[in-house]
1. In the range 82-116, how many residues are part of a loop (DSSP other than H, G, I, E, B), more than 16 Å from the ligand (Cβ to nearest atom) and either of a type in the set (Gly, Ala, Ser) or without any contact (Cβ under 8 Å) to a residue 24 or more places away in the chain (or both)?
2. Considering every residue within the range 155-164, establish whether at least one is more than 22 Å from Val307 (Cα to Cα), at pLDDT 90 or above, within 16 Å of the ligand (Cβ to nearest atom) and assigned to a strand (DSSP E or B).
3. Under the condition of being of a type in the set (S, T, N, Q) and out of contact with any helix residue (DSSP H, G or I) (no Cβ under 9 Å at 6 or more places or on another chain), which residue from the range 213-249 is farthest from the ligand (Cβ to nearest atom)?
4. Where the second residue is basic (Lys, Arg) and assigned to a loop (DSSP other than H, G, I, E, B) and the first is within 27 Å of Ala148 (Cβ to Cβ) and in the same structural domain as Leu375 (by TED's automatic domain parsing) and lies in the range 395-422, which pairs have Cβ atoms under 8 Å and are six or more apart or on separate chains?
5. Within the range 408-438, track down each residue that is closer than 19 Å to Glu344 by Cβ and part of a loop (DSSP other than H, G, I, E, B).
6. Quick one: Leu119 ticks every box in (1) away from the ligand (no atom under 12 Å from the Cβ); (2) at pLDDT 95 or above; (3) surrounded by fewer than 24 Cβ atoms within 10 Å (Cβ to Cβ); (4) in a helix (DSSP H, G or I) bar one, so which box is it?
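The values are calculated or read from the model by the stated rules, or taken from the named source; none is laboratory data. All values derive from a computational prediction rather than experimental measurement. Backbone-built Cβ (ideal geometry, glycine too); neighbour counts: all protein chains shown.
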Amino acid sequence: DPTVISHVRLHNLSPSLLSYYRQPVIIHQGHMQWLFDHTGRRYLDMFGGIVTVSIGHCHPKVTEAAHRQMSRLWHTTNIYLHPQIHEYTERLLATLPSHLQVVHLVNSGSEANDLAVMLARLSTGNFDIVSLRNCYHGMGPNCMALTAHNTWKFNVPHMFGVHHAMNPDPYRGLWGGSACRDSAAQTTRQCDCQPGQCDAAQKYADQLAETLRYSCPKGRVAALFAESIQGVGGTVQFPKGYMKKAEALIRDHGGILVMDEVQTGFGRTGEHFWGFEAHGVKPDIVTMAKGIGNGFPLAAVVTTKEVSARMSEALHFNTYGGGPISSAVGIAVLDALEEDGCQEVARRTGARLLSGLAALRDKHGCVGDVRGKGLMLGVELVEDRETRAPLAAAAVADVWEHTKDCGLLIGKGGHFGNVLRIKPPMCITEADVDFTVQVLDEAFAKHLP
Ligand code: PMP
C-alpha cells in the first residue's frame, strides 16, 4: 500500500526509533537477503535486521516450522513441558563444548545477559562484574551497566560493582596487535614491533590486571563479560592471545568467564560456529540471541551444571522463554544453517567481501581500517588516515543515505558512529558482494573524494 507512510503515527513511537535514516524506511516484505518497501522497491539487506536474520528473511523452512507449531500449540509457560524444548536444547548443546550442559531459554540478548550476571553472582558468591569499554551487552537492568558503548548516552549513574577495563582495540587503542593477527584480517594497523613479536595482547591484559587489582580485589569479582568480536562497538577484534590471558586473570581472581555470542554465534564468523572458539577459551557461560531465531524472539544462556546449580533454590520465571513456537523455530534455524551450508557461505562470501573492501581502502583515503571475519565486517571511516580522526557524523550519514538510495542497506556503529557494519543474512551470493563493494566505491567517490 503506497499510502502507508501517511498512516504511520511517527509521534506515537519512541523517538529513539527514528534516529537512523533521514526519512523512515518502511519495510513491508522480506525474502532471504531481500527487503521490499511500501512502494515495492527492493533492497539488498547487508545488515540482517542488526545481525539477526542469520539464514534469510522468511526462510521457507523456518516459516513452515513456525506455522506447523502455531497450529498445534502456542504457549504453556514453564509450568509444563513440551517436546520441542527437549529436542531444541539437545540440538543446541550439540553445537557447544561438552562442559556446557545446561540451557536457560529466554527471549532477547538483554535478558540472556541479565540472567548471566545473576548466575555469575550466585555461583561464585561474588558481586563485581568486569566488562570491556566499548562493549554492548544490552539494555536490561544488569547488562545496561555492563554496556560501555557510546550509543548509550543517558546520564544514568553507573551501577555499583561494575567495572570497565581498557578495551583491547588494535585500531583505536593505545597499542596495535594486527601484526599478531591472521594476515587474512588485512587490517591497516601496524605496530612498532616485529611481526610475531607484538605484545599488545600482554599490554592490554596488564591493564585488565590493573583494573582487577584496584577495583575488585581477589574474592570479589564474579565474572568477566566479553564479546568474541565487538559488534555495536564497530567490529573490534582483540589482539590474538588477549582473551586467553584475560580468562586466566579472571579465574585467578575468583571469577568466571562469560562470552557474549549474541552477534558472533551460529557460524557468522565463518571460521567457527562460535566466535569464542577462535580465542581458545573455555567459557563458563555463553549467551546467545539474534541469529539464534532468525528474527523470532529467542535467546539462551548456556552454562555448566555447577554454575546453574543454585537456580534450583528459587523460582526463576520467564513466561515466554523456551515456548513451543520459539523452540520449533530454533530447531528449524539449526537445520537450515546446516542444510544451506551457512557457515561456509559466511566464510566464502566474507573473504571476497573483505578483499573487496580492502581494495576500497587502498583506493579511498576516507577508509581508515577494514576488519572482521566471515560475514561480520567493519569499515572504519576517517577524516585523515594518519591521525585516524573519525569521520564526522554528517559525512557518514551521506554515505549511508547514498547506499540506501542505491538499494543497499548496511549498518553503522563504533564509538564515534563512523564504522560501517556489514553483517548480512548468511545466504548472500558473490554477486551481492560485488554489488555492495561497487555501491560503497561510488558512495566514497561521490561524498568523500
Ligand atoms: N549483546 C550483544 C553483543 C548485542 O549486540 C546485543 C544487541 N545489539 C545485545 C547483547 C542485546 O540484545 P537484545 O537487543 O536482543 O536485547
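1. 2
2. yes
3. Result: Ser215.
4. Taking only residues 6 or more apart or on different chains, the pairs are Ala397/Arg22; Gly411/Lys423; His415/Arg172.
5. Across the range 408-438, the qualifying residues are Lys423, Pro424, Pro425, Met426, Cys427, Ile428, Thr429.
6. (3)
Residues checked against (1) of a type in the set (Gly, Ala, Ser); (2) at pLDDT below 95; (3) part of a helix (DSSP H, G or I):
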| site | (1), (2), (3) |
| --- | --- |
| Lys282 | no, no, no |
| Gly295 | yes, no, no |
| Leu337 | no, no, yes |
| Val345 | no, no, yes |
| Arg361 | no, yes, yes |
| Val370 | no, yes, no |
